[in-house]
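Just below is one structure, and these are the notes that go with it.
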Amino acid sequence: MINLVLFGPPGAGKGTQSDLIVEKYGLIHISTGDLLRAEMKAQTDLGKVAAAKIEKGELVSDDIVIGMIKNKLAANTGAKGFIFDGFPRTTAQAEALDVLLKELNMSVSVMLSLEVETPELLKRLLERGKVSGRADDQNEDVIMNRISVYNASTLPVKEYYKAQGKQQEIKGVGSIQEIFQAISTECDKSL
Ligand code: C5P
Ligand code: MG
């Protein structure tokens, strides 16, 4: 069983790499951003709350995202393991994830942090915005706010996993295959 936290700023390549990891290791991919966007599309109450935050590049409350993770874990009891993409975004979320996994006799195996500098992130996100249809990828101020929120609220999560000896940095620039190679090497250590 591998439970992988795929960490990194917006535009680091978490979604792209998740697709390849799913294919190779058969893990269940849980992207809280994708789940929130699905709620927005379905215009649920949760989706309306999420939309107000996402359009500004701010974070949805810990309770909401932790609840979504809890539901996803409960719905996939037979899984070989999970990729957590875009979650945890705060130390409180990381603590809650540990508790939820422990209740199911699981734990985080490794946290891989995709390292990409801000100018490259901005370039990638604006490029993605042309095709993703995501409003939060099309506005430079919103993108820069997402990166600030990442630096202020999400970066401390790295220290949380570092203290557990689970944090590994992966160079997030280069070809998709090169980056996937580096990720695979780390995943194989957890098999
Ligand atoms: O993970 P992703 O970049 O797809 O997230 C898009 C937006 O969804 C974030 O900018 C944030 O507004 C919201 N989000 C959140 N909490 C999470 C994941 C996403 O608030 N755990
Ligand atoms: Mg993503």
- [ ] Among the residues of region 1-53, write down those that are of a type in the set (G, A, S), closer than 26 Å to N151 by Cβ and away from ligand 2 (no atom under 15 Å from the Cβ).
- [x] A51, A52
TODO: Check K72 against each of (1) over 24 Å from Q17 (Cβ atoms); (2) within 15 Å of ligand 1 (Cβ to nearest atom); (3) of a type in the set (K, R) and name the one condition it does not meet.
DONE: (1)
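Quick one: which of Q164, Q93 is at negative phi, of a type outside the set (V, I, T) and in contact with a helix residue (DSSP H, G or I) (Cβ under 6 Å, 6 or more places away or on another chain)? Before the answer, list the steps.
On the way: Q164 fails: in contact with a helix residue (DSSP H, G or I) (Cβ under 6 Å, 6 or more places away or on another chain).
Every option except Q93 fails the conditions.
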TODO: Restricting attention to region 118-144, report how many residues are closer than 24 Å to Q181 by Cα and in contact (Cβ under 8 Å) with a residue 24 or more places away in the chain.
DONE: 6
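For region 37-57, which residues satisfy the criterion of being free of Cβ contacts under 8 Å to residues at least 24 places away in the same chain and either of a type in the set (G, A, S) or within 23 Å of L101 (Cα to Cα) (or both)? First the steps, then the outcome.
Filtering region 37-57 for residues free of Cβ contacts under 8 Å to residues at least 24 places away in the same chain gives 38-53.
Correct list: A38, A42, G47, A50, A51, A52.
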Open item on the list: Out of everything in region 167-190 that is part of a loop (DSSP other than H, G, I, E, B) and in contact with a helix residue (DSSP H, G or I) (Cβ under 8 Å, 6 or more places away or on another chain), what residue ends up being surrounded by the most Cβ atoms within 10 Å (Cβ to Cβ)?
Closed with: G172
Task: Failed item in (1) within 16 Å of ligand 2 (Cβ to nearest atom); (2) of a type in the set (K, R); (3) under 15 Å from D136 (Cα atoms), with K56 passing the rest - done: (1)
- [ ] Residue by residue through region 11-36, note down the ones that are in contact (Cβ under 8 Å) with a residue 12 or more places away in the chain and out of contact with any strand residue (DSSP E or B) (no Cβ under 9 Å at 6 or more places or on another chain).
- [x] G11, T16, L20, K24, L35, L36
TODO: Tell me which residues, restricted to region 24-33, are loosely packed, with under 14 Cβ neighbours inside 10 Å and under 21 Å from S132 (Cβ atoms).
DONE: none
- [ ] Scan region 97-126 for residues that are surrounded by 15 or more Cβ atoms within 10 Å (Cβ to Cβ), among the hydroxyl-bearing types (S, T, Y) and assigned to a loop (DSSP other than H, G, I, E, B) and report the count.
- [x] 1
Task: Residue count, region 63-96 (criterion: assigned to a loop (DSSP other than H, G, I, E, B), more than 15 Å from ligand 2 (Cβ to nearest atom) and buried (at least 19 other Cβ atoms within 10 Å of the Cβ)) - done: 1
Open item on the list: Could you tell me how many of the residues in region 52-62 are touching a Lys or Arg at 6+ places or on another chain (Cβ under 9 Å) and either surrounded by 17 or more Cβ atoms within 10 Å (Cβ to Cβ) or not charged (D, E, K, R) (or both)?
Closed with: 5
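We did not get these values from a lab; they are worked out from the coordinates using the rules stated. Treat the numbers as computed from the prediction; the structure is a model and nothing was measured. Neighbour counts run over all protein chains shown; Cβ positions are idealised from the backbone, glycine included.
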